[in-house]
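The values are calculated or read from the model by the stated rules, or taken from the named source; none is laboratory data. From a predicted model like this one, the values you see are computed outputs, not experimental measurements. All Cβ positions, even for glycine, are placed from backbone atoms using ideal geometry, and neighbour counts span all protein chains on display. Keep in mind that these areas ignore ligands, DNA and RNA; they rest on the heavy atoms of the full protein, side chains included. Shrake-Rupley method; radii C 1.70, N 1.55, O 1.52, S 1.80 Å.
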Amino acid sequence: MVRHDILQLLAEHPEEYVSGERISQYLNVTRAAIWKHIKALKDEGFEIEGQTKNGYRLLKTPLSLNEWALEQVLTTISLGRTICLEDELASTNIRAKELAHQGGVHGLTVLAKYQSVGQGRLQRQWESPRGGLWMSVVLRPDLSLADASKLTLAASVAIVDALEALYQLRVGIKWPNDIVYNGQKLAGILGEVVGEWNVVQTLILGMGINVNFPRGRLSASLRATTLYEILGYEVDLNILAATILKHLENKVISLEQKAFNELRLSWLERAVGLGEEVRVLQRERAVQGVFKGISIDGALLLETENGEKSFSAGEVQLRSNTSTYF
Ligand code: ADP
């Protein structure tokens, strides 16, 4: 793609101007075509300085999602190495499922700048205005179906670790995998298994993070917040996506090597509501008890009047009795 070649050339000369003539010769395109490409790149959010005498200089890459910019900061082996980035999608999970059915590889990552029908767990809707990170990864790990919920736990820890590494921000995890800050939801995760019985053939891991937009873009009824609200500035979505993918990849590899305990401990370190009296909602039924943690199988552990009980992530919702956290 000529546009990417131009960026590459400019990026290789960060401190200098690259003349139009040089670009034109190097890429075998006319000066007029270069001018058009540069204009399109500026519209995409690249800051490019153009001087009639000297040529062009790349000053800044966009904060919004961009395939080239993402590739520059990606350090993974397989996650995000194949990208499908759209301006608008109904839902990144739906597109990722379609692509998985068509043979999409392990690590294929679907991103959208806006989702018109973003999905939450249990058929709920996920509001996805522009400026958020709406991303779904196709995973074809060497794991059994029983391990699927561990992958969603891995995704929540990957997001938490990335937020801490990039912005020194400490957030909590509400079981099984909502990311919360001061009791308000910052991100959600939706894992969907596409597979044969007993084998996680494919897992679609959808992650939705409220990033570069004010809280006001979301329904007032939600207990939600955004990174912009917390930090007070906009962040680079490409760096955020790349960092999450890197952390997630490492965790998937650890899980494949059967190292769940380390992940379980990281998850517990960030869990909100541990040791508290909670309610677990299972369809029509509610079970009261003390939230003890997660088992070695990734299930929620509750100390009830009738002894310890465990619940798998797909089945239940956790509610606080004091409603401090969720
Ligand atoms: P939970 O299991 O905590 O209810 P889900 O993972 O099912 O959450 O997410 C869907 C719910 O999250 C919605 O029903 C809504 O209440 C809330 N929600 C929807 N969009 C957003 C958003 N962008 N930020 C925070 N919360 C949201």
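Can you compute the modelled spin-label distance between ASP142 and THR82, with each label point 7 Å from Cα toward Cβ, in nm?
Each label point is offset 7 Å from its Cα along the Cβ direction, giving 2.0 nm.
State the antiparallel share, in %, of DSSP beta bridges confined to the chain, rounding to the nearest 5.
85
Give me the angle, in degrees from 0 to 90, between the Cα long axis of helix 148-167 and the longest principal axis of the Cα atoms of the chain, rounded to the nearest 10.
For 148-167 against the chain, the angle is about 50 degrees.
Rounded to the nearest 20 Debye, what is the dipole magnitude of the range 10-61 about its Cα centre when Lys and Arg each give +1 and Asp and Glu each give -1 at the C-beta?
220
Rounded to the nearest 0.05, what FRET efficiency do ARG215 and GLN168 give with R0 = 22 Å and r taken as the Cβ-Cβ distance? Could you check?
0.55
Please list, short to long, the whole-number percent of alpha-carbon pairs of the range 83-124 in consecutive 5 angstrom bins beginning at zero.
For the range 83-124, the binned pair fractions read 6, 24, 31, 21, 16, 3 percent.
Can you list, largest first and rounded to whole Å, the semi-axes you get for the range 255-310 by taking the square root of 5 times each eigenvalue of its Cα gyration tensor?
Largest first, the range 255-310 gives 23, 12, 10 Å.
Pull up the DSSP beta bridges for the range 27-124 and report the antiparallel fraction as a percent, rounded to 5.
Percentage antiparallel, nearest 5: 45.
May I ask which residue of SER116, LEU9, SER24 lies farthest towards the positive end of the charge dipole of the chain, with charges of +1 (Lys, Arg) and -1 (Asp, Glu) on Cβ and the Cα centre as origin?
Selected residue: SER116.
If you wrap a convex hull around the alpha carbons of the chain, what volume per residue comes out, as a whole number of Å³?
So the per-residue Cα hull volume is 146 Å³.
Normalised by the number of residues in the chain, what is the relative contact order in percent for Cα pairs under 8 Å and 6+ residues apart?
Averaging sequence separation for qualifying contacts and normalising by length gives 14 percent for the chain.
How much net charge surrounds PRO214 when only other residues with a Cβ under 15 Å from its Cβ are counted (Lys, Arg +1; Asp, Glu -1)?
0
Among the chymotrypsin sites (Phe, Trp or Tyr not before Pro) within the range 221-315, which fall in a DSSP loop and have no more than 13 other Cβ atoms within 10 Å of their own Cβ?
Within the range 221-315, the qualifying chymotrypsin sites (Phe, Trp or Tyr not before Pro) (loop, at most 13 other Cβ atoms within 10 Å) are TYR233.
What does the charge add up to near GLN184, with Lys and Arg as +1, Asp and Glu as -1, over the other residues with Cβ less than 13 Å from its Cβ?
+2
Where the eigenvalues come from the Cα gyration tensor of the range 60-210, what are the semi-axes √(5λ) of the equivalent ellipsoid, largest first, in whole Å?
That gives 22, 19, 16 Å for the three semi-axes.
Give the accessible area for MET1 in Å² (nearest 10); use a 1.4 Å probe, count only protein heavy atoms, and leave out ligands, DNA and RNA.
Number for this one is 140 Å².
Got a sec? Which residues in the range 158-190 would a label at ASN321 touch, if it sits 7 Å along Cα→Cβ and we count backbone N under 18 Å?
Answer for this model: 175.
Karplus couplings for the range 207-216 from phi (6.51 cos²θ - 1.76 cosθ + 1.60, θ = phi - 60°), rounded to Hz, Gly and Pro as x?
10, x, 10, 7, 10, 8, 8, x, 3, x
Among the DSSP beta bridges whose two residues both lie in the range 102-239, what percent are antiparallel, rounded to the nearest 5?
Beta bridges within the range 102-239, antiparallel portion: roughly 95 percent.
Residues with beta-carbon under 9 Å from that of PRO62, excluding PRO62: net charge, scoring Lys, Arg +1 and Asp, Glu -1? Please report the intermediate quantities before stating the final value.
On the way: positive: LYS60; negative: GLU44, GLU47, ASP236.
Local net charge: -2.
Give me the number: length gained by fully extending LEU281 to VAL194, i.e. 0.36 nm times residue separation minus the C-alpha to C-alpha distance, one decimal in nm.
28.8 nm
Work out the length of the dipole vector of the range 255-311 about its Cα centre, built from +1 on the beta-carbon of each Lys and Arg and -1 on the beta-carbon of each Asp and Glu, and round it to the nearest 20 debye.
I would put it at about 140 debye.
Farthest toward the dipole's positive end in the range 206-322, which of SER320, GLN257, ILE294, given Cβ charges of +1 (Lys, Arg) and -1 (Asp, Glu) about the Cα centre?
Of the candidates, SER320 comes out farthest on the positive side.
Whole-Hz ³J(HN,Hα) for each residue in the range 286-299, computed from phi via Karplus 6.51 cos²θ - 1.76 cosθ + 1.60 with θ = phi - 60°, x for glycine and proline: what do you get?
For the range 286-299, the Karplus curve yields 10, 10, 8, x, 9, 6, 8, x, 10, 7, 5, 8, x, 8 Hz.
So how exposed is HIS4, as accessible area in Å² (1.4 Å probe, rounded to 10)?
50
Rounded to the nearest 20 debye, what is the charge dipole size of the chain about its Cα centre when +1 sits on each Lys and Arg Cβ and -1 on each Asp and Glu Cβ?
560
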